[in-house]
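Quick notes on the structure that follows.
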Amino acid sequence: RAKEAGKGVYALYDKSLHTEFKERMTIEKHLRSALDNEEFELFFQPQVDLLTGDISGFEALIRWNSPDLGFVSPLSFIRIAEDSRLIIPLGEWVLRKACHFMAEMSRKQYNHFRIAVNISVIQLLQDNFIPTVLGILSESGIAPKCLELEITESVFMESFERIVDKLEYLQSQGIRIALDDFGTGYSSLSYLQQLPISTLKIDKAFIDPLSDNSYSQSFIKTMVSLGHEMGLEVVAEGVEDRSQLAFLKMTGCDKVQGYLISKPLPERNTRELLEKWSRKV
Ligand code: C2E
Ligand code: MG
Ligand code: MG
Ligand code: MG
């Protein structure tokens, strides 16, 4: 009987695991050909400078529209691309696209803009990550200060020294490093001082409860002054309403990004946004 029960439990567990496994396999299979089939598109979400009210640049965000699977969120396929190492060619494609779009903006009146690109730890650990970045930078012709690489705290859990060295080198070349999703990781504050970063991105999780929660107000104020104390630029992500914006302005936060300003947009719409933009905040 015990054996039977055990078997039943196992079967149930096994089934859900099996479904998940199949789902991952399906995504991975389609991912393999997606790059060659040009199924990816890069979207851009504006960041606005709270002091001037002007757009100061964009974060590049990948979109995958698979003919077989439909729209697949990066939240589900990036992990699979990392595990299968497909993130290496994919990440390179993103970086190249983003830098070329920045180059196009530079040729207009936007050479002070910055393009932010999400970078996976798998890319960072690659031996040729630095030459790849520098190569794409010079082929696109943009200034290093126009490129910001977004990483999360988790990248430092792997070969800390190596990652720090690489990021320091990229910074010494003028490229900016942003710590994404700040406040959601596990690293302690003392650790933060050792990281070669230029920007703190306060995670949306802290912005969401802003209007109805005074604790979150204290958290944000503390994060903004901590960032500034360390000489970092502070960006708030996931800003969706005016009251959040007003509060962030009051704290001295440097930049905001979120649906209130704009959702991530395809290239064409990004150009249109730039043309019609006039101080929204
Ligand atoms: P992230 O880098 O923290 O990007 C911010 C996410 O928040 C984006 O989701 C963006 O669309 C969303 N967002 C921005 N403003 C708002 C808002 O006001 N409200 C709400 N509800 N959401 C907002 P997305 O594009 O689905 O990307 C999710 C995550 O996938 C990213 O988080 C990033 O970790 C990863 N990702 C996206 N593109 C790339 C890429 O090219 N390479 C890598 N390695 N990761 C990427
Ligand atoms: Mg990001
Ligand atoms: Mg983020
Ligand atoms: Mg995130």
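The rows are residues; the columns are (1) within 25 Å of Arg96 (Cβ to Cβ); (2) of a type in the set (A, V, I, L, M, F, W, C); (3) at pLDDT below 95.
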position	(1), (2), (3)
Ser138	yes, no, no
Ile151	yes, yes, no
Ala178	yes, yes, no
Ile197	yes, yes, no
Lys204	no, no, no
Ser218	no, no, yes
Val234	no, yes, no
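Could you please find all residues in region 44-75 being farther than 19 Å from Gly238 by Cα and polar (S, T, N, Q)? Even if it seems obvious, please write down each step before you answer.
Pass one, region 44-75, residues farther than 19 Å from Gly238 by Cα: 52, 64-72.
The answer is Thr52, Asn65, Ser66.
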Out of the residues in region 192-237 that are farther than 30 Å from Gln173 by Cβ and small (Gly, Ala, Ser), state the one that is farthest from ligand 2 (Cβ to nearest atom). Ser214
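Does region 241-251 include one or more residues that are in a loop (DSSP other than H, G, I, E, B), away from ligand 4 (no atom under 16 Å from the Cβ), closer than 30 Å to Trp64 by Cα and under 18 Å from the mean Cα position of the chain (by Cα)? Before you say what the answer is, go through the steps one by one.
The initial filter retains those residues of region 241-251 that are in a loop (DSSP other than H, G, I, E, B), namely 241.
Within this subset, residues satisfying the condition of being away from ligand 4 (no atom under 16 Å from the Cβ) are 241.
This time we only want the ones that are closer than 30 Å to Trp64 by Cα, so: 241.
Then drop every residue that is not under 18 Å from the mean Cα position of the chain (by Cα), which leaves none.
For region 241-251, residues in a loop (DSSP other than H, G, I, E, B), away from ligand 4 (no atom under 16 Å from the Cβ), closer than 30 Å to Trp64 by Cα and under 18 Å from the mean Cα position of the chain (by Cα): absent.
Looking at this structure, is Pro46 closer than 30 Å to Met250 by Cα and not acidic (Asp, Glu)? Give the steps one after another, and end with the answer.
Numbers: closer than 30 Å to Met250 by Cα: yes; not acidic (Asp, Glu): yes.
Yes; evaluated as a whole, the condition is true for this residue.
Can you go through Phe44, Phe58, Phe101 and tell me which one is aromatic (Phe, Trp, Tyr), away from ligand 3 (no atom under 16 Å from the Cβ) and modelled with pLDDT of 95 or more?
Working: Phe44 fails: away from ligand 3 (no atom under 16 Å from the Cβ); Phe58 fails: away from ligand 3 (no atom under 16 Å from the Cβ).
Selected residue: Phe101, the only one of Phe44, Phe58, Phe101 that is aromatic (Phe, Trp, Tyr), away from ligand 3 (no atom under 16 Å from the Cβ) and modelled with pLDDT of 95 or more.
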Taking the condition of being within 16 Å of ligand 2 (Cβ to nearest atom), surrounded by fewer than 21 Cβ atoms within 10 Å (Cβ to Cβ) and in contact (Cβ under 8 Å) with a residue 24 or more places away in the chain, how many residues in region 79-93 meet it? 1
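Select, from Ile175, Ile136, Ile202, the only residue that is hydrophobic (A, V, I, L, M, F, W, C) and within 16 Å of ligand 4 (Cβ to nearest atom). Step through it out loud before you land on a result.
Numbers: Ile175 fails: within 16 Å of ligand 4 (Cβ to nearest atom); Ile136 fails: within 16 Å of ligand 4 (Cβ to nearest atom).
Exactly one residue qualifies, and that residue is Ile202.
Out of everything in region 236-273 that is in contact (Cβ under 8 Å) with a residue 12 or more places away in the chain and of a type in the set (Asp, Glu), what residue ends up being nearest to Phe40 (Cα to Cα)? Spell out how you get there, then give the answer.
Going through region 236-273, the residues in contact (Cβ under 8 Å) with a residue 12 or more places away in the chain turn out to be 236-245, 247-249, 251-267, 270, 273.
Narrowing further to those that are of a type in the set (Asp, Glu): 237, 240-241, 254, 267.
Details: Glu237: 24, Glu240: 26, Asp241: 30, Asp254: 31, Glu267: 13 Å.
Per the criteria, the residue is Glu267.
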Please go through (1) more than 11 Å from ligand 4 (Cβ to nearest atom); (2) farther than 26 Å from His100 by Cα for Phe182 and return the number of the only condition it doesn't satisfy. (1)
Being over 23 Å from Val117 (Cα atoms) and surrounded by 14 or more Cβ atoms within 10 Å (Cβ to Cβ) is the requirement here; does Leu274 meet it? no
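The values are calculated or read from the model by the stated rules, or taken from the named source; none is laboratory data. Owing to the predicted nature of the structure, the values given are computational and were not obtained by experimental measurement. So basically every Cβ, Gly included, is an ideal-geometry build from the backbone, and we count neighbours across all protein chains shown.
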